[in-house]
Structures are given as structure tokens and as C-alpha cells.
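Each reported figure results from applying straightforward, stated rules to the coordinates on display, with no laboratory input. Not measured: the values here are computed from a predicted model. Here the Cβ positions follow ideal geometry from the backbone for every residue, glycine too, while neighbour counts run over all protein chains shown.
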Amino acid sequence: MTETDTAPPVGGDLRAGPRFRSPIRGPWLTAVLGVVLLVGLPVVAVTGLLDYVAYGAGQQIPAEVGLLRPPDFVFPLDPPWLFRLTQGVHVGLGLVLIPVVLAKLWSVLPALFASPPVRSAAHLLERLSLLLLVGSILFEIVTGVLNIQYDYVFGFSFYTAHYLGAWVFMAAFAVHVVLKLPSAARALRSRSLRTELRTPLSRTRPEEGGGDLVADRPAAPTVSRRGALAVVGGGSLLIGALTVGQTVEPLRPLAFLLPRGRVPDGPPGNDFPVNRTAAAAGIDPSAVDPGGWRLELTGGPAPVLLDRARLLAGGPELPLHTATLPLACVEGWSAVRTWTGVRLRDLAAVAGVAAPTAAIVTSFDPGGFGRAALPGARVLHPDSMLALHVEGHDLSLDHGFPARIITPSTPGVQCTKWVRAIDFRTT
Amino acid sequence: MMRFRRLYGAGPGHLLVLLAGFAVAGYAAQLLLDDPSALRILVWFVAVAVVHDLVLFPLYSAADRVVTTVSGRVRRARVPVVNHVRLPLMGAGLTLLVFLPGIIRQGEETHLAATGFDQQPYLGSWLLLVAVLAGVSALLYLLRWAHAAATGSR
């Protein structure tokens, strides 16, 4: 192809010519974007599955998933930031990859209109699998992006749809990788990345060879390949910069377009994100008034009632314990704070249960997350506690006053607020 | 084997891989059969692909063509202006797409219940972000132009 062939119609022709005229579209660019997604998307999928595991047996949503269940193991409690890491990577990397997914779809769109639309049975089936692939990745992105912004316009269960959609995606993605790996490898070898990164706009030429992706009558380039890759990377950086504040404290103001870029002003020590306010949970302030509130411990020979003064009194039986632990939500935000309270295992001993295998925590919150089952390992962990103070101050009502559960490496919704009772089980 | 290839259009491995993929996807889908919102989920699944391919893509391509055409008219400029218009537009479009619920205040009630905040600040913040992107791009253009004027065309 000579220089003259690629010259554009003068003045940018809007009327005629093929629909797809980008001079940089081609198998090489598609393959480069594909490699980024080949590395990134499995990480998003696996961390998503780990988040599902972290909810723990019996508390995973959706519950009925047949064979599509990751191995049931007790999510590790150590390091205490493990859940913070997996959910942060799942949401953060998922968002950062959006520009790459959009660029990848842009790069292959001519294939959608290829003619003839169906060349063989094999081609038809492969196109159907691509509908599943594109539908599922966009479905996962859209439901995830809406969920972290509390927009439930779709009107179905986010958990169910996002979880099952992920399996459709993983299946379609695996098929795509197996079928396309050979041609992607060939495309990657067709040009040198190092050379491309040194090629300015003035020397940018269309890719050689035909195929559905390379334009028949390419327009004059307005951006080099390295420029296009920089634009995609820049988009990812922009999204990353606007997201990282959800989880990295000093950068919190940077997440100014996301709900978790904002924290309540106070009271002192309570300046971290609230999930579900006391008003939304319908908490009656008189029910949690320290004058009348009693923590009920059951599971032992007889129920034990403790008031807040007793819990705060310390002593050999129920010493006060302080630990720095993250509060991390599956929606992609987290905050690390120093909590003070009494250990769950000490409470179990006071209740008369020597070796609990589980604990059921109930809250004054009548909603679905007003009850959580903690596996035995989580009850017995030396840092697992019923927290009364955060950063040396009383918990605010929105953060679960008079007492909330804090345990290492645990989804935030299981760090039950406004605790009313704990039932220690031994079976 | 040749006969299979002629009839199907690819080797048997191709068919096996696809069937395995469809089986897993189909298994995931059938778990929804008893779900009252199964149809809604299916509609959203197809709609996101259709809206991307047949609405979003033509829209941004058309917008890009307008930008390229209009900036092509100032071709004699020492520094091409096209990417200085394109990039802030792309940044604005991308952030609008990702942060749309807050910007258009959709889901205000659940947002308030979950966080204790309304969605009032997002639109203003987003507009400021767009202004900063456009401003930085314009500033860079001026710098490039000044550099070209000082060194280039004499």
C-alpha cells in the first residue's frame, strides 16, 4: 500500500466511504489491548469469587448456585487486611479496566458488521459466544458500577445477577481466549511494541494485511498507536485516581464523584464512611440508650446480661482490648481504625461457653444484615471483639452505638452494628 | 475429518470449546429460571450490548468525526488542535459514563440510606473536573503553540 492510497479525502469526508476508517485499528492494537485484559480480568473474577467465599458458608448471596460454587473454605482471618485487599482489588481494578474494555470493543467493532454476517456454522456459533462475552462483561461493569453508587434502577437482585453474570463471563472469556490465542499471538508478532513506542504520528501507517479490522480506505492518522495506547492508559489512570480515595485514607477527597469520597464530620473518631445509617435501619434511640441497653449472651447454662458500664470496666474476666483493624465493604471502600472493646472469646467464657464453634449476632436493625453468623475461628481470634470505642471515642449512633462487632478480614456487613445479643453455639 | 471441516467450517476442537462454554453459561442461566426477575436480567444483559454497539459507539464515533472535521479546518495552525479537543471530551465522556448515577442524582433514596449523604455535590464536582480537563488541555495547546512559534516556522 503506497502513501497515496492512504491519503484521506480532502476536508474530512462525512458523506461517503466505509464506516470504519481509523488508520490505527488492526489486529496488533486489538491484541495488545487483549493482553491487558487477559491479565486483568481474571484477577477481577478471582477476587470477586474470593469476596463471595468471604461471606462464609450459609451467608453467601445468592445461596442457590448449584455447581457454580467456589471451594468452601473459611476465608483467612490473617492477615487482617486480606478481605480489604480482595474487595479493593475487585472493585478498583474492575473500574480501572473500563477504558481498556471500551477500547477493545472499539477496536473490534468492524467485525460486528463484517460481510457476509455468517460464513459457516463455526462462525455463527463463535458470534453467539461473542454476544455472551460482550453482553456479560458490559453487564458486570454496569451492575457493579451502579451498585457501588447505590443506584438500583435495574430492579433485580444485584448479588444474584452479578454473580451468575460473572460465570457467563468466565465461560465466554475462556472460550474467547482459547479460540483467539493463536491469532492474537500472530498479531503481536506482526509488529514490535518497542518500535511502536518510538513511532510518532508522522510515521504512523495502517497495519499490513487485510482482515475485518483494517480499514479499506483509512483516514489520515490523527494519533499514533503509542498515542492511542497512552490515551487508554490515561483513561485508566483517571478512573484510578478518582477511585483510590475510597480505600486510601489521605487520598479520600480525590474520590469526589463516588459516595465513599465523603465521610461524616463527627463526632470525634467517627470520621469514616457509614454503611446504612441508624435512621435507615430504623434504630430507636431509646432502645440503645446506655441506661437501658443490656447485651444478652446466650448459649451457656443461663443467659447473661451485661450493661455498657460493665463492658467498659475491664478487669481480669473481661479485659478491654485494643486493635487496629480495617472496616472493609464489598462495595470497594475501606477505613482502618483503632477499636477498643471486649474480646468475643472472653464474652463466650463469661456466657459459660468454653469452646464456641459459632456465634450468632443479632442487632436492633430488623433488616437482612441485622443478623450475622460468625464461624468459630472468627469468634476465637484474639483481635475479634465487640467494639465500644473507635479512636478512643464512643461509637456514633450511625456507626453502631452502643456496640458493634469488629473482626479481622471480614466483610463489613458482618461487622454487625447496634448489637443486641450474641448466641454462642457449640455444634 | 475433512468432511466435518467442510460442513462445520472449523475443526472439532473449535466446536468442543464452544459447546463447553455454552454449557457453563447455560447452566448459570438456568439457575435463574425460578427467579421472578429472570426476564429483567435477560433484557439488561442483551440491552447493555445493544446499547453499546448501536447507540454509544455510533454516538461517540459521530462526535469524533465532527471534532476531527472541525479541527481539520484549522489545519494551517502550527500545532494540530484535534487531540486537544478530543482528550478533554473523552475524559468528560468517560467520567460521565462511570459516575452517571451521582451526576444525574439517580438512586438518591438508597444513596441517602446507605451513606447519610444526598447526591447534591456530584454534578458540580463533575463540571469542575471537566473544566479542569479542558483548561489543562488548552494551556498545553498554548504552550505547544508558543514553542512552535518560537522555534519552528522561521
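In whole Hz and in residue order, list the ³J(HN,Hα) couplings for segment A:124-138 that follow from phi through the Karplus curve 6.51 cos²θ - 1.76 cosθ + 1.60, θ = phi - 60°; x for Gly and Pro.
Listing the rounded values in order: 4, 4, 5, 5, 4, 5, 6, 4, 5, 5, 5, x, 6, 5, 5 Hz.
For chain B, what does -39500 (n - 2.57) per DSSP helix run (n ≥ 4), summed and divided by total residues, give at 222 nm, in deg cm²/dmol to the nearest 500?
Result for chain B: -25000 deg cm²/dmol, rounded to the nearest 500.
With the crude spin-label approximation of a point 7 Å out along Cα→Cβ, what separation in nm comes out for A:L124 versus A:V177?
Between A:L124 and A:V177, the simple spin-label model gives 2.9 nm.
Find the centroid of the Cα atoms in segment A:405-427 and in segment A:123-165, then give the distance between the two in whole Å.
Distance between centres, Cα-based: 32 Å.
Can you compute the FRET efficiency between B:D118 and A:I61 using 1/(1 + (r/R0)^6), with r the Cβ-Cβ distance and R0 = 30 Å? Round to the nearest 0.05.
0.60
Can you tell which of B:D118, B:D34, B:D64 shows the greatest fluctuation in a Gaussian network model of chain B with Cα springs below 10 Å?
Taking springs between Cα atoms under 10 Å, the residue moving most is B:D34.
Using a Gaussian network for chain A with springs between C-alpha atoms less than 10 Å apart, which of these wobbles most: A:R404, A:R345, A:R308?
Of A:R404, A:R345, A:R308, the Gaussian network model singles out A:R308 as fluctuating most.
Across peptide B:91-101, what mean number of C-beta atoms from other chains lies inside 10 Å of a residue's C-beta?
6
To the nearest 10 degrees, how steep is helix A:27-54 against the longest Cα principal axis of chain A, on a 0 to 90 scale?
With both axes taken from Cα atoms, the answer is about 10 degrees.
So between A:T338 and A:F158, what do we pick up on full extension, going 0.36 nm a residue minus the alpha carbon distance?
Contour length minus Cα-Cα distance gives 61.6 nm.
What's the FRET efficiency of A:S190 with A:E391 using the Cβ-Cβ distance as r and R₀ = 60 Å, to the nearest 0.05?
It comes out at approximately 0.55.
How much length, in nm to one decimal, is gained on full extension between B:A148 and B:L33, taken as 0.36 nm per residue of separation minus their Cα-Cα distance?
Here the answer is 34.9 nm.
Work the Kirkwood hydrodynamic radius out for chain A: mean of 1/r over every pair of different alpha-carbon atoms, inverted, in Å.
Result for chain A, one decimal place: 24.7 Å.
Taking θ as phi - 60°, what are the ³J(HN,Hα) couplings along segment A:66-73 by the Karplus curve (6.51, -1.76, 1.60), each to the nearest whole Hz, with x for Gly and Pro?
x, 7, 7, 10, x, x, 7, 10
Compute the length gained on full extension between A:R203 and A:A111: take 0.36 nm times their separation in residues and subtract their Cα-Cα distance, giving the result in nm to one decimal.
Full-extension gain reported as 30.5 nm.
Calculate the radius of gyration of the Cα atoms of segment A:278-425 to one decimal place, then report Dmax, the largest Cα-Cα distance, as a whole number, both in Å.
For segment A:278-425, the Cα radius of gyration and maximum Cα-Cα distance read 13.9, 42 Å.
Before anything else, pin down the relative contact order of segment B:38-151: Cα pairs under 8 Å, at least 6 apart, normalised by residue count, whole percent.
Normalised by residue count, the contact order of segment B:38-151 is 27 percent.
Given the DSSP H assignment, sum -39500 (n - 2.57) over each helix run of at least 4 residues in chain A and divide by its residue total; what's the result at 222 nm in deg cm²/dmol, nearest 500?
Value at 222 nm, helices only, nearest 500: -12500 deg cm²/dmol.
For chain A, what's the relative contact order in percent, using C-alpha pairs closer than 8 Å and at least 6 residues apart?
19
Using only atoms on other chains, find how many Cβ atoms lie within 10 Å of each Cβ of peptide A:132-138 and report the average.
Across the residues of A:132-138, the mean count of other-chain Cβ atoms within 10 Å is 6.
Please work out the Cα center distance from segment A:281-312 to segment B:43-90, rounded to the nearest Å.
Distance between centres, Cα-based: 61 Å.
Where is the GNM fluctuation largest for chain A (alpha-carbon springs, 10 angstrom cutoff): A:G227, A:G266, A:G332?
Largest GNM mean-square fluctuation: A:G266.
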